[in-house]
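Shown next, in structure tokens, is the structure this report addresses.
The values are calculated or read from the model by the stated rules, or taken from the named source; none is laboratory data. Everything quoted here is computed from the prediction, not taken from an experiment. Virtual Cβ from ideal backbone geometry, glycine too; neighbours counted across all protein chains shown.
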Amino acid sequence: MPSQADAVVIGAGALGLSTAYHLASMGLREVVVLDRFAPGSQASPRAAGLFKQIQTDITRTRLAALSIQKVTNFAAETGVDLPVQRSGSILAARTQKYAEIVRAEAAQARAWGVDLALLDSDEAHRLMPYLEAGTTAAACYTPGDVYIEEPASLLMAYLQAGAKLGVTVLGNTPVTGIRVKNGEVVGALTSEGSIATPIVVDAAGAWARQVGSLADAQVIVAPIRHQLYITDPILGVEPTYPILRSIDTAVYIRPARGGLMFGAFEKDPLPLDPRERGSSFSMDDVPLELAVLERLTESIADQVPALHGATVNEHRGGLFTMTSDGQFIVGPQPGIAGLWSATGCNGSGFSLSPGIGQVLAEWIVTGAASMDLSALAPGRFARVHDEDWLREAAVWQYSHYYERDEPPV
């Protein structure tokens with residue numbers, strides 16, 4: 001246990017490890033990452049590993065482009081290999097209502113500089129043979145999108161890249177306090193001792209609210225369960241086939257281990273607050289319901305018949321940290337100098353972690369970020385006095401992930 005550090009990052013998932021690596025790459029000599037569990041063991045390795053450029057706003061679009069650039073050039077930047085599948089992706093709609101959303105998303109993304117092309121149903125089928133011809137009312141192809149076959153490989157790559165720069169990662173070391181003196185962070189307290197530091201980054205995922213509360217900071221997130229499964233190998237599926245996002249039923253599909261990965265955004269998702277589950281709660285304790293995914297699989301049986309009757313090889317799930325406005329929480333906590341947040345993933349924490357880690361580290365080290373992150377400011381929220389309202393707002397954001405509706409006031 002180091003007695004002092006230039007920065008302490010709490011949370012050894014994708015956001016925390018990326019931030020720690022980038023802090024060290026920008027000159028901080030003593031960067032320490034703390035996690036109450038084994039590093040890289042919680043939500044991030046349970047992710048889908050999808051990187052997409054069509055996002056809801058220009059900030060996320062720029063972060064997505066930066067993240068794809070970073071993972072596809074990871075070895076050149078860090079000297080650590082990282083397998084990335086340059087598959088492209090297809091955003092598809094089966095009905096005219098959702099076809100309008102696809103066209104609107106495409107037009108907006110193109111205006112923000114995304115390379116894409118609108119396809120008819122036959123063109124979409126030729127690119128992705130497991131997508132049945134004649135079932136698509138509108139489709140948009142983004143050739144620059146990628147996926148990482150095994151999400152854990154990104155975490156291992158950041159652990160290795162950070163180690164080369166001297167980053168210290170301590171698992172099974174719960175943070176028990178954040179010391180603040182005269183409005184400034186001066187240290188982090190752990191079960192194994194204290195670390196004097198002027199900088200603490202809260203990247204604790206589903207536990208980010210608890211970590212923030214150690215310094216009396218409000219981190220306004222509500223964790224929501226997300227599930228996916230991977231089938232056994234399916235004849236004819238190639239790893240180069242594009243990712244499919246079918247927005248009518250809010251599902252995504254990609255090649256995985258010779259079969260297909262299927263994930264979905266439920267209309268009635270399960271909120272799950274670790275604060276109510278005890279100190280031993282981990283992602284292993286998130287209750288999974290395969291029947292939910294089976295029902296959603298049947299809803300697109302005509303569009304992707306290869307899934308019908310396919311056997312499930314792995315069923316996994318974790319928690320998304322949702323916010324009431326669907327935006328990340330990234331930046332300095334107001335009123336507490338040296339306390340920073342990197343959370344509120346809203347379903348994109350893994351895929352935007354390379355870009356967020358870089359831009360946040362720039363901001364911490366130099367005092368200015370290369371990208372405007374004001375839309376993600378932690379201080380944009382008032383203190384939460386109605387937990388039911390926050391939970392309902394988070395559920396709404398989750399269940400409307402692919403839609404453009406305005407949330408209720």
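Within segment 321-341, not a single residue is buried (at least 18 other Cβ atoms within 10 Å of the Cβ), in a helix (DSSP H, G or I), touching a helix residue (DSSP H, G or I) at 6+ places or on another chain (Cβ under 9 Å) and modelled with pLDDT of 95 or more.
Which one is nearest to the chain's Cα centre (by Cα), of the residues in segment 342-356 that are under 26 Å from Leu272 (Cα atoms) and in a helix (DSSP H, G or I)? In this case the residue turns out to be Gly349. Counting the residues of segment 157-173 that are assigned to a helix (DSSP H, G or I), hydrophobic (A, V, I, L, M, F, W, C) and crowded, with 17+ Cβ neighbours inside 10 Å gives 3. Among the residues here, Ile234 does not qualify as modelled with pLDDT of 95 or more and within 20 Å of Thr323 (Cα to Cα). Residues of segment 262-284 include at least one that is surrounded by fewer than 16 Cβ atoms within 10 Å (Cβ to Cβ) and farther than 30 Å from Ala188 by Cβ. Pairs linking a residue in segment 263-274 that is within 17 Å of Gly205 (Cβ to Cβ) and assigned by TED's automatic domain parsing to the domain that holds Val304 to a residue that is part of a loop (DSSP other than H, G, I, E, B) and among the hydroxyl-bearing types (Ser, Thr, Tyr), with Cβ atoms under 9 Å and 6 or more positions apart or on different chains, are Pro274/Ser282. Among the residues of segment 282-335, those that are free of Cβ contacts under 8 Å to residues at least 60 places away in the same chain and farther than 23 Å from Ser399 by Cα comprise Asp284, His308, Gly309, Gly331, Pro332, Pro334. Counting the residues of segment 63-121 that are touching a Pro at 6+ places or on another chain (Cβ under 6 Å) and either at pLDDT below 95 or more than 26 Å from Val237 (Cα to Cα) (or both) gives 2. Among residues of segment 3-53 being in a loop (DSSP other than H, G, I, E, B) and of a type in the set (S, T, N, Q), the one that is farthest from Gln160 (Cα to Cα) is Gln53. Filtered by the rule that a residue be surrounded by 21 or more Cβ atoms within 10 Å (Cβ to Cβ), farther than 18 Å from Tyr398 by Cα and among the small types (Gly, Ala, Ser), segment 35-48 gives a lone residue, Gly40. Here Arg254 qualifies as among the basic types (Lys, Arg) and under 22 Å from Leu127 (Cβ atoms). The single residue among Thr56, Thr72, Thr61 that is in contact (Cβ under 8 Å) with a residue 24 or more places away in the chain, polar (S, T, N, Q), closer than 19 Å to Gly162 by Cα and surrounded by fewer than 24 Cβ atoms within 10 Å (Cβ to Cβ) turns out to be Thr72. So for segment 370-384 (the condition being within 20 Å of Ala204 (Cα to Cα), assigned by TED's automatic domain parsing to the domain that holds Ala12, part of a helix (DSSP H, G or I) and touching a strand residue (DSSP E or B) at 6+ places or on another chain (Cβ under 6 Å)), does at least one residue qualify? So far as segment 370-384 goes, yes, one or more of its residues are within 20 Å of Ala204 (Cα to Cα), assigned by TED's automatic domain parsing to the domain that holds Ala12, part of a helix (DSSP H, G or I) and touching a strand residue (DSSP E or B) at 6+ places or on another chain (Cβ under 6 Å). For segment 357-369, a residue qualifies if it is surrounded by fewer than 14 Cβ atoms within 10 Å (Cβ to Cβ) and not in a loop (DSSP other than H, G, I, E, B), and exactly one does: Thr366.
Scanning for something out of contact with any Phe, Trp or Tyr (no Cβ under 6 Å at 6 or more places or on another chain), within 20 Å of Gly13 (Cβ to Cβ) and touching a residue at least 40 places away in the same chain (Cβ under 8 Å), does segment 226-239 turn up at least one residue? Yes, segment 226-239 contains a residue that is out of contact with any Phe, Trp or Tyr (no Cβ under 6 Å at 6 or more places or on another chain), within 20 Å of Gly13 (Cβ to Cβ) and touching a residue at least 40 places away in the same chain (Cβ under 8 Å).
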